[in-house]
Amino acid sequence: MLYVVGLGLGDEKDITVNGLEAVKRCDKVYLEAYTSILGVPKDRLEALYGREVTVADRQFVEQGIDGMLNEALEMDVAFLVVGDAFAATTHSDLVLRARGLGCKVKHIYNASIMNAVAGCGLQLYRFGQAVSIVFFTQTWRPDSFYDRIKENAALGLHTLLLLDIRVKEPSVEALCRGKNEYEPPRFMSCATCARQLMEVEELRGEGVYGPDSMCVAVARMGQDDEVIKSCTLKEMCNVDVGGPLHSMVLVGDTHPLEDDMLLMHRAKESDFLPDDEVPSQYLEDL
């Protein structure tokens with residue numbers, strides 16, 4: 001049996017009771033560390049679960065998963081995912097492959113950023129399509145997200161922006177040499193996201209959003225030090241909400257109750273960095 005277990009967003013204690021009971025029954029436990037990261041080290045999971053936890057990085061998830069699936073044909077295996085497993089298509093593929101091998105699969109759901117973002121005060125049923133924002137480089141500035149935001153804006157809907165996470169990414173030099181060498185981890189900030197959005201709007205010029213568009217930064221949702229700050233998109237270019245992980249919302253049409261929540265979370269002067277302290281939005285400069 002393969003148990004696909006959502007861990008929630010905070011720490012090792014956010015696992016559900018059903019999830020914890022399943023993990024304790026398993027012979028092997030893997031922690032997916034590609035699509036997101038947990039706010040605590042894996043030894044704290046091991047202490048609570050009473051099981052050794054093997055970290056499954058990007059290479060393992062995308063290329064070496066067959067070994068884990070073969071184990072699940074013979075024993076109980078837990079695959080742990082930060083948030084909820086089905087917020088990422090990678091894990092749908094995993095389930096399909098497991099079923100194709102004749103492996104039984106049990107899903108145990110949990111909270112993810114897809115629903116926890118409602119903590120900022122914007123109502124979930126007023127959200128449209130979520131989009132991913134990746135780091136720009138000097139030669140690559142993908143802007144397909146702009147059209148999705150445009151569609152949401154036409155309907156007055158909020159847009160959840162999922163910001164880039166680069167963990168154990170091979171460097172170009174390593175790829176050319178065929179070596180297993182990796183770049184340091186990088187996590188996009190809301191300030192970087194805002195600057196990239198402004199750059200794309202300037203290039204596209206369709207008025208989908210602008211400097212005065214309201215947006216919300218959410219950082220480390222579900223953790224003890226979570227931060228929620230609302231401000232304009234121009235102000236967001238200098239906002240400082242601390243360490244990862246960050247997500248952002250471009251605000252659509254609002255209900256008065258949402259307006260009150262945005263006002264409650266309004267960023268203060270102390271939440272902004274001077275221009276000369278804001279990191280470059282380009283991946284090469286980080």
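In this structure, is Leu45 modelled with pLDDT under 95 and either surrounded by fewer than 17 Cβ atoms within 10 Å (Cβ to Cβ) or under 19 Å from Asp224 (Cα atoms) (or both)?
yes
I'd like to check something: does the range 135-146 contain any residue that is touching a residue at least 24 places away in the same chain (Cβ under 8 Å), outside any helix (DSSP H, G or I) and farther than 26 Å from Ser189 by Cβ?
Checking the range 135-146: not a single residue is touching a residue at least 24 places away in the same chain (Cβ under 8 Å), outside any helix (DSSP H, G or I) and farther than 26 Å from Ser189 by Cβ.
Would you mind telling me which numbered condition in (1) under 19 Å from Ser247 (Cβ atoms); (2) surrounded by fewer than 16 Cβ atoms within 10 Å (Cβ to Cβ) Gln59 fails?
Gln59 satisfies every listed condition except (1).
Output the residues belonging to the range 145-185 that are at pLDDT 85 or above and open to solvent by 40 Å² or more (accessible area, probe 1.4 Å).
Across the range 145-185, the qualifying residues are Asp147, Arg148, Lys150, Glu151, Ala153, Ala154, Leu155, Leu157, Leu162.
What is the one condition in (1) open to solvent by less than 20 Å² (accessible area, probe 1.4 Å); (2) at positive phi that Ser112 does not satisfy?
Looking at each condition in turn, Ser112 falls short on (2).
Can you tell me how many residues within the range 115-129 are on the phi < 0 side of the Ramachandran plot and touching a Leu at 6+ places or on another chain (Cβ under 7 Å)?
Of the residues in the range 115-129, 7 are on the phi < 0 side of the Ramachandran plot and touching a Leu at 6+ places or on another chain (Cβ under 7 Å).
The values are calculated or read from the model by the stated rules, or taken from the named source; none is laboratory data. Computed from a prediction, not measured in an experiment: that's the story for all the values here. Cβ: placed from backbone, ideal geometry, glycine included. Neighbour counts: every protein chain shown. To get the accessible areas, we keep the full protein, side chains included, count just its heavy atoms, and leave off ligands, DNA and RNA. Shrake-Rupley method; radii C 1.70, N 1.55, O 1.52, S 1.80 Å.
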